[in-house]
Number of protein chains: 2
Amino acid sequence: MKKQKVSSAVIRRLPRYYRHLNDLHQAGVERISSNALGASLGLTASQIRQDLSCFGEFGQQGYGYNVSSLRDEVADILGVNRGHCAVILGVGNLGRALMENFHFDRFGVTLAAAFDVVPEIVGRSCSGVPVYHTDQLEEYLTQHPANIGVLTVPGRVANRVAERLVSAGVKGIWNFTNIELTVDAPDIVVEDVHFADSLLALNYMISEAP
Amino acid sequence: MKKQKVSSAVIRRLPRYYRHLNDLHQAGVERISSNALGASLGLTASQIRQDLSCFGEFGQQGYGYNVSSLRDEVADILGVNRGHCAVILGVGNLGRALMENFHFDRFGVTLAAAFDVVPEIVGRSCSGVPVYHTDQLEEYLTQHPANIGVLTVPGRVANRVAERLVSAGVKGIWNFTNIELTVDAPDIVVEDVHFADSLLALNYMISEAP
């Protein structure tokens with residue numbers, strides 16, 4: 001599948017398509033028109049057709065989309081089947097919430113190991129994932145390469161830990177620290193989950209609501 | 001300040017402006033040009049001027065922006081000073097992570113109470129916030145109105161709890177359940193923090209990276 005340069009707005013919509021197609025598939029829906037798909041996602045049919053056209057030809061005039069094959073194609077576009085491997089740094093409340101409740105494997109990511117500095121946690125395992133001391137990070141990653149680092153450490157050590165992850169070969173950082181990372185490597189992807197920005201946007205919207 | 005209809009892209013950028021202006025202010029910076037502000041945010045100066053023009057006139061030709069007054073204006077736009085009040089539903093790992101580590105008050109929100117069904121937690125307090133039984137939600141909100149509900153309950157009860165919050169007068173739901181809520185009330189704002197979408201976008205971007 002030949003890809004053109006894809007805008008970040010499209011990249012942000014693809015996961016929603018994927019989740020929604022998954023739900024439809026599980027509900028036994030076999031095909032869906034771009035109108036119906038759009039309506040349930042709050043988008044127009046032409047928007048959906050245009051988004052998908054960035055990645056090739058999908059669907060059939062007058063028939064719509066085959067739900068399971070479109071889901072598989074979107075999964076493929078999103079890299080769900082590429083065997084991504086992650087380590088998580090910081091096994092506090094948030095780290096544990098992700099380890100215990102977030103199903104990394106459903107999104108094509110194997111969570112292989114966790115790292116922390118708290119003696120009570122190091123050497124144990126959490127949801128089947130072994131917890132090592134952060135000092136062992138480089139040694140571990142040399143033996144078990146990972147391409148994603150999940151950052152749930154305290155903000156004050158966020159940049160230091162991010163730099164160690166990058167030096168050890170991680171390509172993407174999923175950043176929950178509410179800190180803007182200053183990682184200085186052009187091919188590293190940082191995906192921020194900024195709780196603050198989200199709450200501020202909510203504040204704004206409820207202030208504006210009728 | 002007269003506001004025009006503001007696009008969601010602008011609403012998403014405002015919190016970043018706010019955080020950044022806060023950092024600049026704390027670093028002792030008194031004024032900044034729109035060029036410099038743009039450069040540090042990865043935006044063009046004209047983009048920033050255009051975004052801010054939705055809300056009025058800021059800055060001065062040839063002088064730039066006064067950092068602390070622009071920060072205050074953006075805070076005002078975002079509703080940071082409107083005395084928002086929140087309750088949190090679900091005191092699991094994620095709920096606790098937010099209660100212990102996320103400073104609601106820094107973003108103009110008072111976190112007044114938490115609700116859960118687990119006997120070991122109910123009746124205690126967490127980071128100074130009292131935890132009540134979820135059965136007491138309506139009674140509590142009648143006596144202590146809140147306009148934001150933070151949803152960190154398990155996905156299977158997410159919609160039920162969301163409906164109760166809305167019936168009890170909450171205007172905005174900060175949704176961490178990874179479930180698309182089906183709240184059927186047009187003036188309710190749902191702000192989703194979809195971990196899955198964020199991880200899938202990261203997957204995509206590292207698959208695309210050179």
Which one of B:147, B:203 is under 21 Å from residue B:108 (Cα atoms) and either within 8 Å of another protein chain (Cβ to nearest Cβ) or free of Cβ contacts under 8 Å to residues at least 24 places away in the same chain (or both)? B:147
Which residues, counting only those in region A:130-166, are at pLDDT below 95 and either assigned to a helix (DSSP H, G or I) or outside the structural domain of residue A:119 (by TED's automatic domain parsing) (or both)? A:155, A:156
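When region B:22-42 is examined, which residues are found to be within 22 Å of residue A:195 (Cβ to Cβ) and out of contact with any strand residue (DSSP E or B) (no Cβ under 8 Å at 6 or more places or on another chain)?
If we filter region B:22-42 for residues that are within 22 Å of residue A:195 (Cβ to Cβ), which is where we start, we get B:22-26, B:40-42.
Across region B:22-42, the qualifying residues are B:22, B:23, B:25, B:26, B:40, B:41, B:42.
Do you know which of the residues in region A:170-200 that are assigned to a loop (DSSP other than H, G, I, E, B) and either at the interface with chain B (Cβ under 7 Å from one of its Cβ atoms) or acidic (Asp, Glu) (or both) is nearest to the chain's Cα centre (by Cα)? Outline the logic, then answer.
So the first thing to find is which residues in region A:170-200 are assigned to a loop (DSSP other than H, G, I, E, B), and the list is A:170-171, A:176-188, A:193-194.
Applying the additional criterion that residues be either at the interface with chain B (Cβ under 7 Å from one of its Cβ atoms) or acidic (Asp, Glu) (or both) yields A:171, A:180, A:184, A:187, A:193.
Working: A:171: 13, A:180: 18, A:184: 21, A:187: 17, A:193: 10 Å.
The qualifying residue nearest to the chain's Cα centre (by Cα) is A:193.
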Residue B:167 fails exactly one of the following numbered conditions: (1) within 20 Å of residue A:200 (Cα to Cα); (2) small (Gly, Ala, Ser); (3) more than 14 Å from every other protein chain (Cβ to nearest Cβ). What is the number of that condition? (1)
Please go through (1) more than 22 Å from residue A:94 (Cα to Cα); (2) buried (at least 18 other Cβ atoms within 10 Å of the Cβ); (3) out of contact with any strand residue (DSSP E or B) (no Cβ under 8 Å at 6 or more places or on another chain) for residue B:189 and return the number of the only condition it doesn't satisfy. (3)
Just for region A:35-49: of the residues that are assigned to a loop (DSSP other than H, G, I, E, B) and not β-branched (Val, Ile, Thr), which one is surrounded by the most Cβ atoms within 10 Å (Cβ to Cβ)? A:43
Can you name the number of the only condition in (1) part of a helix (DSSP H, G or I); (2) at pLDDT 90 or above; (3) among the aliphatic types (A, V, I, L, M) that residue A:87 fails? (1)
Given A:147, A:66, which one is under 17 Å from the mean Cα position of the chain (by Cα) and under 22 Å from residue A:15 (Cα atoms)? A:147
Picking from B:52, B:21, which residue would you name as being within 19 Å of the chain's Cα centre (by Cα), more than 8 Å from chain A (Cβ to nearest Cβ) and assigned to a helix (DSSP H, G or I)? B:21
Within region A:21-34, residues over 15 Å from residue A:75 (Cα atoms) and surrounded by 13 or more Cβ atoms within 10 Å (Cβ to Cβ) come out as A:29, A:31, A:32, A:33, A:34
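Residue-wise test of (1) within 14 Å of chain A (Cβ to nearest Cβ); (2) at pLDDT below 90.
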site	(1), (2)
B:7	yes, yes
B:15	yes, no
B:45	no, yes
B:61	no, yes
B:74	yes, no
Which of (1) closer than 23 Å to residue B:203 by Cα; (2) out of contact with any Asp or Glu (no Cβ under 6 Å at 6 or more places or on another chain); (3) β-branched (Val, Ile, Thr) does residue A:91 not meet, given it meets every other one? (2)
Is it the case that some residue within region B:63-71 is at pLDDT below 95 and either part of a loop (DSSP other than H, G, I, E, B) or within 25 Å of residue B:178 (Cα to Cα) (or both)? yes
Take the conditions in a strand (DSSP E or B) and out of contact with any Phe, Trp or Tyr (no Cβ under 9 Å at 6 or more places or on another chain) and apply them to residue B:206. Does it pass? no
Go through region A:92-131 and give me each residue that's more than 7 Å from chain B (Cβ to nearest Cβ) and among the basic types (Lys, Arg). A:106, A:124
Filter result (without any contact (Cβ under 8 Å) to a residue 12 or more places away in the chain and assigned to a loop (DSSP other than H, G, I, E, B)) within region B:103-117: B:103
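The values are calculated or read from the model by the stated rules, or taken from the named source; none is laboratory data. Everything numeric here is computed off the predicted structure, so don't read it as measured data. Reconstructed Cβ throughout: ideal geometry from the backbone, glycine too, with neighbour counts over all protein chains shown.
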